[in-house]
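Bear in mind these aren't lab numbers, they're just calculated from the coordinates by the rules spelled out. Being a predicted model, the structure only gives us computed values, none of them experimental. Neighbour counts are summed over all protein chains in view; Cβ atoms, including those assigned to glycine, are modelled from backbone coordinates with ideal geometry.
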Amino acid sequence: MAFDMIEAMTLIAREKNLEFDAVLETLQVSLLAAAKKKYTFTDNISFRFDRKANELLMIATKQVVTEIKDPDIEITLTDAQEMDPEAQVGDEIDIYIDYEFEFGRNAIMAAKQILIQKVREAERDRIYNEFIDKVNTLVSGVVQQIDKGNVIVNLGRGEAILPVKEQIPREKFRQGDRIRAFILDVQKSMRGPQVILSRVNNEFIRHLFALEVPEIYERVIEIKAIAREPGERAKVAVLSSDDRIDPVGACVGIKGVRVQSIVRELNNERIDIVPYSSNSELFVTRALAPAKVVNIEVDYNETKMTVAVEDDKLSLAIGRNGQNARLASKLTGWKVNIVSETEHNESKHREAEMLVPISQLDGVGTRLQERLVDIDISSVQRLAQTSIETLVKVEGLGEKSAEKLLERAKTLVGQIEEGYRKHEEEDKKAVDEKKTVEVKLKAEDIFEDDESYVTEIDDVPEVTAPDCDDVEDEDIEASVTEDEISEEEDSESK
């Protein structure tokens, strides 16, 4: 083999990140394929690489015979002794094949194509085997190109793709940017293995915290749960196995250095770090921080909590577009219904008004009532929420009787709720009508300031002067004279 071929094989091994022996083995396979096109039998063909001479030797082993029946595997004694004078009949002799001359140009080109194909397959297997073990780990690379929104990342020993759906919203990349991502999966395809990256997976945050917080890496602090809306906000629940270490403070760092580093990596995504608790009510309360929880009602059957918060903190607890409530629900695993304190009190008052004692339900006698109260069923509403399995356990209550009793309870509760709902609708309708009347009166009280408008100051009947045309002049003079005389008499008497 020429030295330039050895150099080419070395270059291929270096560029494709393959071992030289793997490339050499691939070349042997391709040369053997070329030999099969010329020889009918190739099982006696082998290869040996001479490292001193940097040469790949192709050897055909033939048996020495007096008369040749199969030239592919046999050789005459005369020909054998020309190569090895000590050869005898029955011996095996190795014959070196000059494949560059023996196979011809077409066979060599075919071998070249096979070599290229085998090298590609070896590279694909190498990439797959290398990265399949790195699934669920954090990697760093360089943005190589952007294709239809998908980011192609050079990981050094292979390429990976960051799909659009796995990118943080409103995040932009340019060629040459350094990028961190989480290996989500490695898939085999016709074009080779495809390494899928993600920056929106919750595990991406977990690995970032492990990099920035030594206590998490050393497993002194454990991340118990993560809830996230990529690019907007995330909640992380942490728990410390050492009572002397504050898990929240350790994750935040001095002056927030640790968490701020993660926030910058996540394109300024807000991160709330809350202490984990095995007490579900306490955990939900912490998850809704900074809103202050006033009361919690737990429904274990439906894994649901109704949380009452202060009236002025309701919007804070719910968050923008319900974001805080959604994240708290994802973090804790509970369905969280948030209401204001006033609404909670009104609901309690309404439930108290609708509450019907169990004794008022048809078919419930004194003994049955006592037995139901013993299992904490004192109202019809409570009975309607009880399962058949629980009622059957009551002494003297069979399955059919329990079904009828439960059906009557549900019917009565439905009637009560329907009546209460109609009553509320009537009250609301009356209030709406009153508001409408008030609005109309206020609208009609607005007038233009003209001559026909009477203000509060001018709201006095106008005194009209008598018509002088109807009074005779003599009467006027007589009245004046009498007035003057009376005034003179009053002055004299004084």
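Across the stretch 120-135, computed HN-Hα scalar couplings (Karplus, 6.51 cos²θ - 1.76 cosθ + 1.60, θ = phi - 60°) run 5, 5, 5, 5, 5, 5, 5, 5, 5, 5, 6, 8, 5, 7, 9, 4 Hz from first to last residue, x flagging Gly and Pro.
How much of the pair distance distribution for the stretch 134-200 lies past 15 Å, counting alpha-carbon pairs only, in percent? Roughly 46 percent, once rounded to a whole number.
Taking the Cβ-Cβ separation of residue 98 and residue 152 as r and a Förster radius of 35 Å, what is the calculated FRET efficiency to the nearest 0.05?
Details: r = 45 Å, r/R0 = 1.28.
According to the calculation, E is roughly 0.20.
Near the amide H of residue 271, within less than 5 Å, lie the amide hydrogens of 234, all on another chain or at least 5 residues away, with H placed in the peptide plane.
Checking the table 165/235; 400/422; 36/69; 335/422; 134/235 against a 31 Å threshold on Cα-Cα, which pairs fail? Mind dumping the intermediate values first?
On the way: 165/235 21 Å; 400/422 33 Å; 36/69 19 Å; 335/422 29 Å; 134/235 26 Å.
As for pairs spanning more than 31 Å Cα to Cα, those are 400/422.
When only alpha carbons are used to place a centre, the stretch 234-293 and the stretch 356-375 end up 49 Å from one another. Converting phi to 3J(HN,Hα) with the Karplus coefficients 6.51, -1.76 and 1.60 and the offset θ = phi - 60°, the stretch 340-345 yields 7, 5, 5, 4, 5, 5 Hz in sequence order, with x at every glycine or proline.
The stretch 236-311: which chymotrypsin sites (Phe, Trp or Tyr not before Pro) are DSSP loop and have at most 11 other beta-carbon atoms within 10 angstrom?
Working: sites: 276, 283, 300; in loops: 276, 300.
Of the chymotrypsin sites (Phe, Trp or Tyr not before Pro), the ones in loops of the stretch 236-311 whose Cβ has at most 11 other Cβ atoms within 10 Å are 300.
Inter-label distance, residue 320 to residue 206: 2.9 nm, where each label sits 7 Å from its Cα along the C-beta direction.
At q = 0.13, 0.16, 0.17 Å⁻¹, what log₁₀ I(q)/I(0) does a Debye calculation on the Cα points of the stretch 171-261 give, no solvent, two decimals? Here the Debye-derived log intensity ratios amount to -0.55, -0.76, -0.83. Directionally averaged projected area (the stretch 193-237, Cα convex hull): 4.0 nm².
Less than 5 angstrom separates the built amide H of residue 377 from none of the residues sequence-distant by 5 or more or on a different chain.
In the stretch 168-207, the convex hull through the Cα atoms has an average projected area of 3.9 nm², a quarter of its surface area.
Can you compute the FRET efficiency between residue 392 and residue 429 using 1/(1 + (r/R0)^6), with r the Cβ-Cβ distance and R0 = 45 Å? Round to the nearest 0.05.
Values: r = 45 Å, r/R0 = 0.99.
The computed FRET efficiency comes out at 0.50.
Rounded to whole Å, the principal axis extents of the Cα atoms in the stretch 368-415 read 29, 21, 15, largest first.
For the stretch 229-299, the dipole from Cβ point charges (+1 on Lys and Arg, -1 on Asp and Glu) about the Cα centre works out to 380 debye, to the nearest 20.
Near residue 74, the amide H atoms lying under 5 Å from its own belong to 63; only residues 5 or more places off or on other chains count, and H is placed 1.01 Å from N.
Please report 315, 189 as a ranked list, fewest other C-beta atoms within 10 angstrom at the top and most at the bottom. Could you put the intermediate results ahead of the total?
Working: 315 13, 189 8.
If I rank by nearby Cβ atoms, fewest first, I get 189, 315.
Of the peptides 113-123, 66-76, the ranking by mean beta-carbon count within 10 Å, highest at the top, reads 113-123, 66-76. A Cβ-based charge dipole, computed about the Cα centre of the stretch 277-354 with Lys and Arg at +1 and Asp and Glu at -1, lands at about 520 debye.
Could you list 296, 183 so that the one with the fewest beta carbons within 10 Å of its beta carbon is first and the one with the most is last? Kindly include the intermediate steps, with their values, before the conclusion.
Details: 296 16, 183 22.
Sorted ascending by nearby Cβ count, the order is 296, 183.
Across the stretch 134-200, the relative contact order, built from alpha-carbon pairs under 8 Å that are at least six residues apart, equals 36 percent.
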